[in-house]
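Engineer: One structure coming up, written as structure tokens, with questions to follow.
The values are calculated or read from the model by the stated rules, or taken from the named source; none is laboratory data. Just so you know, these numbers come straight off a predicted model, no measurement behind them. In this analysis, Cβ positions are derived from the backbone assuming ideal geometry, glycine residues included, and neighbour counts consider all displayed protein chains.
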Amino acid sequence: MAAIVGAMLLLNRQTAGMFENMLLFILPLPMVFYGTKYGLKDSWMLFAAIILLSFIVSTPQTLLLVAAESMIGMSYGCGVHNGTSTRTLVFRTVILAVITDIFTMLVFASFFGYDLVTEVTEYETLITEAMAQSGQTLSDTVDLTSLIRNILIVSTILTGVMEGLITHFLSRIVLKRMRFPAPKQISLSEYFPPKWTGYAGIAGMVAYFYSVSKPLENEIAQSFLQGGGMLGVFYLAFYGVIALMVIITLRNPRRKGMAVLLAVVSLLMFSPVMAVAGYLYITTDLHARVLEGVRNASQNR
């Protein structure tokens, strides 16, 4: 397992870091396999070997990424070894991935020359120039600098969520192919999120639109409302997409491709509408009724 990681690091080094972002989704897998078979106690030895190997053949930036991704893989693999439920595994992996992305962004800003303020300024300049060329102007109530900063932070969090989910799916696929014990699969349509998350999401959505229409004088409070509101909208819209896909597939199982396409288009063009649909899906009996329809359709087939 250490040799596999070493080969990937050498490939990344020889290509001047070209594969570094691509390797983020693969780096946890060796620790997943080892942790699944041998458990936590023996996994620490492999973790130390990987860190030492990375210290020898890679840059400090890559070393930090390898350590973080290996820790995520060890957590997932040892969870499978101990029989942890799929829901807990996914939740823990996503949280670790989000923490890793935020932590590495802050560390890179401190030690590797990544300047968040400069990046926000560059985005602000590009947007201002683009709107000037098109003859449009922003409303005086919109704080563009704060909005861009919040978007970057929220995008970092969402990237961590995506990385955690990809790690889960890749680990499950490869574990099954290698005949290792894989966590039990749970369909998203059968997962009932807590109702309080729906109320929290709609509250965040309202707070976001309020902060856009009437910006607060306190910059910290304004950033908190906008950042939390964006997360709330994305969370609700995600379940709105699930509801739309399940309903379309329920009517015609052969239209899965169309269901995915319509869901993506709806998410991009009608995010508030999808967020409201997600809120109803979480907090009302819509979810149970959709799930009942899926079961009835499968019995009829």
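Engineer: For F209, are the conditions met, namely being modelled with pLDDT of 75 or more and more than 19 Å from V90 (Cβ to Cβ)?
Structural biologist: yes
Engineer: Under the condition of being among the small types (G, A, S) and either modelled with pLDDT of 90 or more or under 14 Å from H168 (Cβ atoms) (or both), which residue from the range 25-49 is surrounded by the most Cβ atoms within 10 Å (Cβ to Cβ)?
Structural biologist: Checked the range 25-49; the qualifying residue surrounded by the most Cβ atoms within 10 Å (Cβ to Cβ) is G35.
Engineer: Report every pair of residues separated by at least 6 positions or lying on different chains whose Cβ atoms are under 6 Å apart, first residue within the range 265-288 and at pLDDT below 75, second surrounded by 16 or more Cβ atoms within 10 Å (Cβ to Cβ) and aromatic (F, W, Y).
Structural biologist: Between residues of the range 265-288 that are at pLDDT below 75 and residues that are surrounded by 16 or more Cβ atoms within 10 Å (Cβ to Cβ) and aromatic (F, W, Y), the close pairs are H287/Y281.
Engineer: Exactly one of these conditions fails for P193: (1) surrounded by 12 or more Cβ atoms within 10 Å (Cβ to Cβ); (2) outside the structural domain of V94 (by TED's automatic domain parsing); (3) at pLDDT 80 or above. Give me its number.
Structural biologist: Looking at each condition in turn, P193 falls short on (3).
Engineer: Also, I was wondering about something else. Would you mind telling me which numbered condition in (1) modelled with pLDDT of 85 or more; (2) over 18 Å from S171 (Cα atoms); (3) surrounded by fewer than 19 Cβ atoms within 10 Å (Cβ to Cβ); (4) of a type in the set (S, T, N, Q) T15 fails?
Structural biologist: (1) is the only condition that T15 fails.
Engineer: Follow-up question, since we're still on this one. For the range 50-62, name all the residues that are buried (at least 19 other Cβ atoms within 10 Å of the Cβ) and either of a type outside the set (V, I, T) or in contact with an Asp or Glu (Cβ under 6 Å, 6 or more places away or on another chain) (or both).
Structural biologist: Listed by number, the residues that qualify are S54, S58.
Engineer: Could you grab me the full set of residues in the range 1-59 that are closer than 13 Å to E69 by Cβ and of a type in the set (D, E)?
Structural biologist: Selection gives E20 alone.
Engineer: Examine the range 182-190 for a residue that is more than 30 Å from G240 (Cβ to Cβ), of a type in the set (G, A, S), at pLDDT 70 or above and not in a helix (DSSP H, G or I), and state whether such a residue exists.
Structural biologist: No; the residues of the range 182-190 include none that is more than 30 Å from G240 (Cβ to Cβ), of a type in the set (G, A, S), at pLDDT 70 or above and not in a helix (DSSP H, G or I).
Engineer: Could you tell me whether any residue of the range 85-99 is more than 17 Å from the chain's Cα centre (by Cα), at pLDDT below 85 and either under 29 Å from Y34 (Cβ atoms) or not in a helix (DSSP H, G or I) (or both)?
Structural biologist: Yes, the range 85-99 contains a residue that is more than 17 Å from the chain's Cα centre (by Cα), at pLDDT below 85 and either under 29 Å from Y34 (Cβ atoms) or not in a helix (DSSP H, G or I) (or both).
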